[in-house]
Amino acid sequence: MVMPAYPQPQRDLGMIINRTRNDLYQHHRRSIRLQGYNYRQPGAYYVTICTKARQCLFGDVVNGKMRLNHFGYIAFSCWGAIPAHFPQVELDTFVVMPNHLHGILIITDTLVGAPQCGAPTKEQFGKPVAGSIPTVIRSYKGAVTKRINKICDTKGTSLIWQRDFYETVNRDDKSLNNIRQYILENPLSWANDPENPSANPEDGDLIIDIPF
């Protein structure tokens, strides 16, 4: 069963987590593109996208709930618009956090109109594969960056996003449900989140200033 696209973090789903949050975190952090894997084939893909230097650009967590600022609403709305640009992709559970996004994307079918014989399926530098998960994420990051850059009068994707993204190819319903629950509960566990700068302080100045 596909979860709503915009779940509330406090919702009780009655599911048991059989893997700890840290297990999930470490698992998807190690996985940056499976060698030879066709990332446009149907399936469920869990992705995490982080901001540059873990800057909290998208808002804050207050009393266990994510409170989006203007940049956060941009990140949220652009994610919601993915199916309009990639009809073969459906949104599952996702959450925009202060400095990262967790989301499940489901490819339901091969891209309509894409050549099926001899078409490249493996990502190569400078040669994006139409309809693949890396192409979807690249487009999403570009859309968010364009809108934020316009507000801040800046240029460059590197000012907003960390290079690349992290992914897990979900192979069964049990692991998919575990990840859904992890995403839903992410705001509740923000204080101990590995991405929280307060839990993992780093020296350095802000790369981009929020003009409000």
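What length, rounded to one decimal in nm, is gained on full extension from Ile106 through to Asn192, with 0.36 nm per residue of separation minus their alpha-carbon distance?
My answer for the length gained is 28.1 nm.
What list do you get for Ser189, Ser198 if you sort them by fewest beta carbons within 10 Å?
Final ranking by Cβ density, sparse to dense: Ser198, Ser189.
Using Cβ contacts closer than 10 Å as the measure, can you line up Thr154, Thr51 from fewest to most?
Sorted ascending by nearby Cβ count, the order is Thr154, Thr51.
Exposure proxy check: Lys141, Lys65 ranked by fewest other beta carbons within 10 Å?
Lys65, Lys141
We did not get these values from a lab; they are worked out from the coordinates using the rules stated. In this text the structure is predicted, and so the values were computed from the model without any measurement. Positions of Cβ are generated from backbone atoms using ideal geometry, with glycine treated the same way; all protein chains shown enter the neighbour counts.
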